[in-house]
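Student: Encoded as structure tokens, here's the structure I'll be asking about.
Here, each number is a calculation from the coordinates, and none is a lab measurement. Not measured: the values here are computed from a predicted model. Heads up, the Cβs are rebuilt from the backbone with ideal geometry, glycines too, and the neighbour counts pull from every protein chain shown.
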Amino acid sequence: MKPTASKKLASLPPYLFVLLAKLKAQAESAGHSVIDLGQGSPDLPSPARVVAALKASIDKPWTHRYPANSGLPALRQAIADWYRRRFKVTLDPDTQVLPLVGSKEGIAHLFMALLEPGDSVLVPNPCYPVHYNGVVLAGGKPRLMPLSESMGYLPDLRKITPAAAKAAKVMILNYPNNPTGAVLESNLLLEDALDFSRKHGCLIAYDNAYSELTFDGYRAPSILQIPGAFERAVEFHSFSKTYSMAGWRIGFAVGNAEALAHLGKFKGFLDYGIPSFIQEAAIEALTGPQDYVAEACRTYQRRRDAMVKALAKIGWEVPVSKASMYLWARLPKKAARLKSLKFAERLILEHGVVISPGIGFGPHGEGYMRISLIAPEAQLEEAAGRIGACLAKLK
Ligand SMILES: Cc1ncc(COP(=O)(O)O)c(C=O)c1O
């Protein structure tokens, strides 16, 4: 007997970053010293005080047992307190806060908890891959909301047909946006999305994973700041980007109590929650001094400026992101006839630079590349030089 994948799984291509990792390994075995600006995995070390809290916590034997599925009460309280300080929004820590094994896990499982086979979800495109793949794996049907440069990468909700609006069970939105780095300059889209939800009945899932990584004085909003949002929205947050804790696997969802109860129930069948020593360290992350986050923002902003300048030098004009850890740019003119994946392959295999092809974020990402600012300035400049050499070889 040969095991076969489900139709849902078989319908998806391999995960983009698994593919990039394979190409990177190939380049390394051919002798390249690879500069990896592919995945959004922060290179900064997690805060020292958080690492110390983890070490202290793991010495307590109770943290070695199965964790509480809905998270430690002290963590839920720390999340609610952080939220009130940051967004001036009050959350009930018992019903409106749910710790997650990373927000990726929570987003994927939310779809599985809520969707019937064939249910439709409004998904921006390009998007963080789980926003699309999570729907497919849950048996749902993603309905794409194109994001275009000319519209500031905001979806046009008026273009959703009445039938599509009526059918949608969930709408997903994500600002600061991955992969485009776009931000909300006003609350208009959030208000429109909530009006849309009131009219048509879908839940708004708002992915705010990059809320704290903002530059040039920009502050990202929470959808829960909009009146009436608690009836219609859940919001996802991550420790991965804010505190460079991507490998620790911890995030959280806040907002609509019914949706969180369904997600919590679903997770109860699947996982045992986050290891308690990681939860205790996360409490330290949220409750201790926040100067680490401000410093991380300054670091990414400096890198952004250095990379935009270095790319301009090789003739690639790249928009300046106000948030996230990404630059998102049209393929350089000389590479425009190549598809984004071909250009990425060439850069990795011939020049040892990993950047992400736009197509990996969906069909509306084709023609673009995403560069993660996850290396010090000198390496970013070296990468820009190698990209320049690759372009010089193109006819
Ligand atoms: C928009 C967005 N949401 C969620 C995540 C996942 O974060 P986590 O590490 O909390 O699972 C990412 C990771 O890149 C992301 O870009």
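Student: Amide H of M245: which non-local residues (sequence gap of 5 or more, or other chain) have their own amide H closer than 5 Å, using H built in the peptide plane?
Tutor: S240
Student: Counting Lys and Arg as +1 and Asp and Glu as -1, what is the net charge of the other residues whose Cβ lies under 12 Å from the Cβ of V97? Don't skip to the end; give the middle numbers.
Tutor: Values: positive: R76, R84; negative: D81, D92, D94, E235.
Neighbourhood net charge equals -2.
Student: Roughly how many Å is it from the Cα centre of segment 306-343 to that of segment 148-174, as a whole number?
Tutor: Each part reduced to its Cα centre gives a spacing of 27 Å.
Student: Another question, then. Return the Rg/Rh value of segment 26-141, two decimal places, where both radii are evaluated on C-alpha atoms and Rh is the Kirkwood radius.
Tutor: Numbers: Rg = 19.3 Å, Rh = 18.2 Å.
Ratio value, two decimals: 1.06.
Student: Per-residue ellipticity at 222 nm for the chain, helices alone: DSSP H runs ≥ 4 residues times -39500 (n - 2.57), over residue total, nearest 500 deg cm²/dmol? Display every interim value, and only then the final one.
Tutor: Numbers: 14 runs with 166 residues, N = 395.
Here the helix-only value at 222 nm equals -13000 deg cm²/dmol.
Student: Any chance you could run the full-extension gain for R298 through M1? It's 0.36 nm times the residue separation minus the Cα-Cα distance, nm to one decimal.
Tutor: Values: separation 297, 0.36 × 297 = 106.92 nm, distance 5.57 nm.
Going from the current span to full extension adds 101.3 nm.
Student: For segment 97-115 and segment 190-218, what is the separation of their C-alpha centers, rounded to whole Å?
Tutor: Measuring centre to centre over Cα atoms gives 17 Å.
Student: Just to be sure I understand: with springs between alpha-carbon atoms less than 10 Å apart, which residue in G362, G352, G288 has the highest mean-square fluctuation in the Gaussian network model of the chain?
Tutor: Highest fluctuation among the options: G288.
Student: Follow-up question, since we're still on this one. How tilted is helix 340-351 with respect to the longest principal axis of the chain? Cα atoms for both, answer in degrees (0 to 90, nearest 10).
Tutor: 60
Student: Now a separate question. Mind pulling the angle between the C-alpha long axis of helix 16-29 and the longest principal axis of the chain? Nearest 10 degrees, somewhere in 0 to 90.
Tutor: Helix 16-29 and the main axis of the chain meet at about 40 degrees.
Student: Moving to a separate point now. Could you work out how much longer the chain between K309 and E149 gets when fully extended? Use 0.36 nm per residue separation minus the Cα distance between them, nm to one decimal.
Tutor: Details: separation 160, 0.36 × 160 = 57.60 nm, distance 2.07 nm.
Extra length available between K309 and E149 comes to 55.5 nm.
Student: Tilt of helix 73-87 relative to the longest C-alpha principal axis of the chain, in degrees (0 to 90, nearest 10)?
Tutor: It is inclined by approximately 60 degrees.
Student: Based on the alpha-carbon gyration tensor of segment 103-202 and its eigenvalue square roots a ≥ b ≥ c, which shape applies: rounded if a/c is under 1.5, prolate if not and a/b is larger than b/c, or oblate? Don't jump to the answer; show the numbers that get you there.
Tutor: Working: a/c = 1.77, a/b = 1.23, b/c = 1.43.
Since a/c reaches 1.5 but b/c is at least a/b, the shape of segment 103-202 is classed as oblate.
Student: So what are the ³J(HN,Hα) numbers for segment 30-44, from phi and the Karplus equation (6.51, -1.76, 1.60; θ = phi - 60°), rounded to whole Hz, Gly and Pro as x?
Tutor: In residue order, the calculated couplings are 8, x, 6, 8, 7, 9, 9, 10, x, 6, x, 9, x, 8, 5 Hz.
Student: Next question, about the same structure. Sorting check: for 293-302, 239-248, which peptide has the highest mean count of neighbouring beta carbons within 10 Å, and how do the rest follow?
Tutor: On the way: 293-302: 16.5, 239-248: 22.2.
With the highest mean Cβ count within 10 Å placed first, the list reads 239-248, 293-302.
Student: Most mobile of H109, H237, H64 per a Gaussian network model of the chain (Cα springs, under 10 Å)?
Tutor: Greatest mean-square fluctuation among the candidates belongs to H64.
Student: I want the antiparallel fraction of DSSP beta bridges within the chain, as a percent rounded to 5.
Tutor: Values: 17 of 37 bridges.
So the antiparallel bridges in the chain amount to around 45 percent.
Student: Now for a different question. Can you flag which of K8/K333; K199/K241; K104/K342; K322/K393 are past 30 Å Cα-Cα?
Tutor: Values: K8/K333 37 Å; K199/K241 34 Å; K104/K342 27 Å; K322/K393 32 Å.
Flagged as over cut-off: K8/K333; K199/K241; K322/K393.
Student: Along Cα→Cβ, 7 Å out, is where each label goes; now give me the distance between the ones at R346 and L394 in nm to one decimal.
Tutor: A separation of 0.5 nm, rounded to one decimal place.
Student: D94 to Y66: FRET efficiency via 1/(1 + (r/R0)^6), r the Cβ-Cβ distance, R0 22 Å, to the nearest 0.05? Display every interim value, and only then the final one.
Tutor: Details: r = 20 Å, r/R0 = 0.91.
Calculated transfer efficiency: 0.65.
Student: Right, here's the next one. I want to check the label-to-label distance for R86 and E377. Put each point 7 Å from Cα in the C-beta direction and report it in nm to one decimal.
Tutor: With each label placed 7 Å out from Cα toward Cβ, I get 2.8 nm.
Student: I would also like to ask the following. Can you pull out the trypsin sites (Lys or Arg not before Pro) in segment 131-232 whose DSSP state is coil and whose Cβ has at most 15 other Cβ atoms within 10 Å? Don't skip to the end; give the middle numbers.
Tutor: Numbers: sites: R143, R158, K159, K166, K169, R198, K199, R219, R232; in loops: R219, R232.
Sites meeting the loop and neighbour criteria: R219.
Student: Separate question: List the trypsin sites (Lys or Arg not before Pro) in segment 71-139 that DSSP assigns to loop (not H, G, I, E or B) and whose Cβ has at most 13 other Cβ atoms within 10 Å. Which are they? List each step's numbers first, then the result.
Tutor: Working: sites: R76, R84, R85, R86, K88, K104; in loops: K88.
Of the trypsin sites (Lys or Arg not before Pro), the ones in loops of segment 71-139 whose Cβ has at most 13 other Cβ atoms within 10 Å are K88.
Student: So for I371, I226, fewest C-beta neighbours within 10 Å to most, what's the order? Write down the numbers at each step before the final one.
Tutor: Details: I371 29, I226 18.
So the residues, fewest neighbours to most, are I226, I371.
Student: Right, next: GNM on the chain, C-alpha springs below 10 Å: top fluctuator among L194, L270, L114?
Tutor: L270
Student: Check each of the chymotrypsin sites (Phe, Trp or Tyr not before Pro) in segment 57-124 and keep only those in coil by DSSP with at most 15 other C-beta atoms within 10 angstrom; list them in order.
Tutor: Values: sites: W62, W82, Y83, F87, F111; in loops: none.
Passing sites in segment 57-124 do not exist.
Student: Estimate the FRET efficiency between A56 and A21 by the formula 1/(1 + (r/R0)^6), using the beta-carbon distance for r and 22 Å for R0, to the nearest 0.05. Before the final figure, lay out the partial values.
Tutor: Details: r = 34 Å, r/R0 = 1.53.
It comes out at approximately 0.05.
Student: State the extension gain, in nm to one decimal, for the chain segment bounded by N187 and D156, taking 0.36 nm per residue of separation less the distance between their alpha-carbons. Could you put the intermediate results ahead of the total?
Tutor: Values: separation 31, 0.36 × 31 = 11.16 nm, distance 1.45 nm.
Full-extension gain reported as 9.7 nm.
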